[in-house]
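Nothing in this text is a laboratory measurement; each read-out follows from the coordinates by a stated rule. Just so we're clear, the structure is a prediction, and the values are computed from it rather than from any experiment. Cβ placement follows ideal geometry from the backbone for every residue including glycine, while neighbour counts extend to all protein chains displayed.
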Amino acid sequence: MDRLTTDEPRDNFSTMLNFVYGKGGWAHIRSDGEREDVPLTDYCRRLCVQYGCGNTASPRKTPPPEEIDALITDCTIDDLGCPVALAYTFATQAVHMRDRCKRYEDVLFDGAGRLRAELPELDALLTKKETGRLVELPCAPGTKVYRIHYVWGQGSISIESFSLLSLSDFGAKVFLTKAEAAAALEKLMLSDLGEGSEVVSDPDTGGGT
């Protein structure tokens, strides 16, 4: 599956799919033949003026986009034969569909345009999450973690590789950093023995960082 939305179309097909896009809360078109990045409301009003539409062809200063949008939307309802109103409707539909699609594709594809996951895979993951069968690990298996030991008033810290067997102890006896482990061990020893206890590193591991 290839990505459809892009802010930098490179061929005719991708330009057509992304010709209308959202910017600042309003639809824009990439070019009107003379200018680039043209607000859709400005483009359609100029067409109305060109074809002599009485609703939006006011000679005064260009009205705000909210007013133009309301006028052309009324034309869509009142005059289904108006080609400008129909074009505005098509473009409005396109920009909303494109922007929604882009938000999904920004998740589905990485920065290089490679697909990160197929939809069936995502559906399976969401199903597992909804049924409580998806577990988020605190780190990748094999990551260096620090385990605290406390027996008969003696505390120490050792290093091990994280595995699923470590999961139940994570946050209580197993920690990502030595500082976290030392703080947890110190708290445990002080609560049990008072402030005279000492934290030492496991001699087999050297208490590495």
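Normalised by the number of residues in the chain, the average gap of Cα pairs under 8 Å and 6 or more apart makes the relative contact order 13 percent. Of all aspartates and glutamates in the structure, those lying under 17 Å Cα to Cα from residue 128, and not within fewer than 8 positions of it along the same chain, are 118, 136. Computed from point charges on the beta carbon alone (+1 for Lys and Arg, -1 for Asp and Glu), the dipole magnitude for the chain about its Cα centre is near 260 Debye. Cross-link reach is defined here as a Cα-Cα straight distance under 28 Å, omitting same-chain residues fewer than 8 places apart; for residue 178 the lysines meeting it are 144, 187. Ratio to report: Rg/Rh of the chain, with Cα atoms as the point set and Rh obtained by the Kirkwood method; give two decimals. Rg divided by Rh gives 1.34. When its C-alpha radius of gyration is set against 2.2 N^0.38 Å (N residues), the stretch 12-128 gives a value of 1.36. Scanning the chain for cysteines with no neighbouring cysteine C-beta under 4.7 angstrom from their C-beta gives 44, 75, 82, 101, 139. Among 179-186, 127-134, 160-167, the peptide with the highest mean count of other Cβ atoms within 10 Å heads the list, and the full ranking is 179-186, 160-167, 127-134.
Ranked by the mean number of other Cβ atoms within 10 Å per residue, highest first, peptides 8-14, 144-150 order as 144-150, 8-14.
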